[in-house]
Amino acid sequence: GTNLRGADLRWANLRGADLRWANLSAADLGAANLAEANLRGANLREADLSLADMCGADLSKSQLSEPQLKTARYNSQTKWPDGFKP
């Protein structure tokens with residue numbers, strides 16, 4: 001539930017981080033390593049996820065939109081919010 005709204009986390013290594021229910025709205029996560037991170041329920045509205053590695057991340061119940069993922073990397077182990085299809 002941490003508030004990281006607008007934080008500059010470009011290139012941050014957040015692999016496996018527990019960011020459940022965090023407010024990451026408008027945060028810059030460009031090229032961040034979010035592989036295997038727990039982002040369940042996180043607010044990712046308007047966050048920059050360009051070039052972010054989200055392989056195996058848990059984004060279930062999170063708030064995000066497809067355009068944010070245009071250049072992000074993800075795989076079959078990445079968990080998405082219900083009804084979300086990147």
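The values are calculated or read from the model by the stated rules, or taken from the named source; none is laboratory data. The structure displayed is predicted, hence computed values, not measured ones. Note that each Cβ is placed from the backbone with ideal geometry, even for glycine, and that neighbours are counted across all protein chains shown. Protein only, heavy atoms only, side chains kept; ligands, DNA and RNA dropped before computing areas. Shrake-Rupley method; radii C 1.70, N 1.55, O 1.52, S 1.80 Å.
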Mind checking the dipole of the range 39-86: about its Cα centre, +1 per Lys or Arg Cβ, -1 per Asp or Glu Cβ, Debye to the nearest 20?
100 debye
Per the C-alpha gyration tensor (a ≥ b ≥ c, the square roots of its eigenvalues), the chain is rounded if a/c is under 1.5, else prolate if a/b beats b/c, else oblate; here it's rounded
Cα gyration tensor shape for the range 1-48, rounded if a/c is under 1.5, else prolate or oblate:
oblate
Given a 1.4 Å probe and every protein chain left where it sits, what share in percent of the accessible area of the chain is carbon and sulfur?
45 percent
How many Å² of accessible area per residue for the chain, probe 1.4 Å?
57 Å²
About its Cα centre, how strong a charge dipole does the range 1-75 have in debye, to the nearest 20, once Lys and Arg get +1 and Asp and Glu get -1 at the Cβ?
120 debye
Sort 77-85, 3-11, 26-34 by packing, meaning the average of other beta carbons within 10 Å per residue, with the highest value first.
26-34, 3-11, 77-85
Which one, Met54, Leu34, Ser76, is farthest towards the positive end of the dipole of the chain when Lys and Arg carry +1 and Asp and Glu -1 on their Cβ?
Ser76
Read phi for every residue in the range 68-77 and hand back ³J(HN,Hα) as whole Hz from Karplus 6.51 cos²θ - 1.76 cosθ + 1.60, θ = phi - 60°, with x for Gly and Pro.
5, 9, 3, 10, 6, 9, 8, 9, 5, 8
The chain, relative contact order [Cα under 8 Å, separation at least 6], %:
24 percent
